[in-house]
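Student: Just dropping this structure here.
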Amino acid sequence: MSKFTAPAVLALTLVSINANADSLGLYIGGGVWDHEPVGSFGTVGDSVIDVETDLGFSGETDSYFYAAFEHFVPLVPNLRIESASMGHAGTAGSFTFNGVAVSGNSSIDMDTTDTILYWRLLDNWVNLDWGINLRKLDSDFTIGTESVLVSETVPMLYLAAQFDMPFTGLSIGADVNRISLSDVSYQDVRFRALYEMGVIGFEAGIRSTTLELKNLDNVNADLEFKGVMLGAFLHF
């Protein structure tokens, strides 16, 4: 992988002394994400393949799960672990992929595991977090008999904000994971509304993932996946 760009280096070196939540907290949750794909991919020097017009990819629903632990120890980061899967399947015409003439069944499968270390800058009715996400990305691009795997650990800048509406249990929030390197540009953005009642909570929102690969493990890609997400969680 390439070295960090200047903004990512700055994010890695910053530390806030007012960084943590004022109480212990444990979140366990999960949900589903209904996503539509746009864009293209291909192997270096071969056909550029549009996922909608060439492969017939359309909406799919996949799942995500997470757990987060927050504490009040200064300078020590909070921890969030999240896993998600995403897949699309279709049928391809005749293309050159991985140096081979192929056709038939096609698919993209992307599994991610996030390890997020984050600090809380504000912790009242406005919550503001920043940190670093080490995302393990495992992708499988397949057309006919040919498959190309992309398996990388990508460091990403993590930012999150949440605005609580006092005495209602309602809040709105957003989080961003982003990195830009010479061979990969990767961004994951979520906008959510949340409702908590006791230890039980629900969330609904929109998620968008964009991924650009330039000759990474012999793959070029310019893809976006976007759609509605619904989930539930426990907050202890």
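Student: Condition first: part of a strand (DSSP E or B), among the charged types (D, E, K, R), at pLDDT 90 or above and touching an Asp or Glu at 6+ places or on another chain (Cβ under 7 Å). Can you find one or more residues in segment 89-110 that meet it? Before the answer, list the steps.
Tutor: Just the residues of segment 89-110 that are part of a strand (DSSP E or B), to begin with: 89-97, 100-110.
From what is left, the residues that are among the charged types (D, E, K, R) are 109.
Of the ones still in play, those that are also at pLDDT 90 or above are 109.
Filter once more, keeping what is touching an Asp or Glu at 6+ places or on another chain (Cβ under 7 Å): 109.
Yes, that holds for at least one residue.
Student: Then there is this: Given the options 167, 163, name the one that is in contact (Cβ under 8 Å) with a residue 24 or more places away in the chain and under 30 Å from residue 24 (Cα atoms).
Tutor: On the way: 167 fails: in contact (Cβ under 8 Å) with a residue 24 or more places away in the chain.
On inspection, the qualifying residue turns out to be 163.
Student: Tell me, yes or no, whether segment 145-158 has at least one residue that is modelled with pLDDT of 95 or more, in a strand (DSSP E or B) and of a type in the set (D, E, K, R).
Tutor: no
Yes/no per residue for (1) in contact with a Lys or Arg (Cβ under 7 Å, 6 or more places away or on another chain); (2) basic (Lys, Arg); (3) closer than 18 Å to residue 122 by Cβ; (4) crowded, with 16+ Cβ neighbours inside 10 Å:
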| residue | (1), (2), (3), (4) |
| --- | --- |
| 165 | no, no, yes, no |
| 173 | yes, no, yes, yes |
| 188 | no, no, no, yes |
| 198 | no, no, no, no |
| 214 | no, yes, no, no |
| 217 | no, no, no, no |
| 224 | no, no, no, yes |
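Student: Follow-up question, since we're still on this one. Looking at segment 90-118, which of its residues are of a type outside the set (A, V, I, L, M, F, W, C) and under 16 Å from residue 51 (Cα atoms)? Quick ask: steps written out before the conclusion?
Tutor: Just the residues of segment 90-118 that are of a type outside the set (A, V, I, L, M, F, W, C), to begin with: 90-91, 93-94, 96, 98-99, 103-107, 109, 111-115, 118.
Hits for segment 90-118 are 90, 91, 93, 94, 96, 103, 104, 105, 106, 107, 109.
Student: Which of the residues that make up segment 104-122 are more than 21 Å from residue 66 (Cβ to Cβ) and in contact with a Gly (Cβ under 9 Å, 6 or more places away or on another chain)?
Tutor: Of everything in segment 104-122, those that are more than 21 Å from residue 66 (Cβ to Cβ) and in contact with a Gly (Cβ under 9 Å, 6 or more places away or on another chain) turn out to be 104, 105, 106, 107, 108.
The values are calculated or read from the model by the stated rules, or taken from the named source; none is laboratory data. Source: prediction; values computed, not measured. Glycine also receives a Cβ, built like all others from the backbone with ideal geometry; neighbour counts cover every protein chain displayed.
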